[in-house]
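K.L.:
Have a look at this one.
Since every read-out is calculated from the coordinates, none of them should be taken as a lab result. As the structure is a prediction and not an experimental result, all values here were calculated from the model. Heads up, the Cβs are rebuilt from the backbone with ideal geometry, glycines too, and the neighbour counts pull from every protein chain shown.
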Amino acid sequence: MRTLSSFLGREVETQSGRGLGKCRDLRASIGRDHAAVEAIVVGRRGWLEHLGIAKAQRRDAVPWEAVVKIEGNRIVVRDGTEFV
């Protein structure tokens, strides 16, 4: 099991190696019994959002469903993944 904070700072890239930025935060929905991660917030704007300086913006996160693997210091998402 991983902690959510262990994802912070990891490089997010596509399967073909295109860098999308660093993981700055995670977006999740909170239910009665659990939390479900919905997206990985990336890049500079995501960092400002994490610090509370900027409001949540569209197009600064990738869907969690796009994650193919997590290895070492990187999170790999499917090629063709678009920001949401």
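K.L.:
So for each of 19-25, 67-73 I average, over its residues, the number of other beta carbons within 10 Å; can you give me the resulting order with the highest mean first?
P.N.:
Highest-to-lowest ranking by the protection proxy: 19-25, 67-73.
K.L.:
I would also like to ask the following. Just to verify a number: FRET efficiency for Glu82 and Leu8, C-beta to C-beta distance, R0 = 25 Å, to 0.05?
P.N.:
Efficiency at R0 = 25 Å is approximately 0.65.
K.L.:
Can you tell me the order of 36-43, 77-84 when each peptide is scored by its average per-residue count of other Cβ atoms within 10 angstrom, highest first?
P.N.:
In decreasing order of mean packing, 36-43, 77-84 become 36-43, 77-84.
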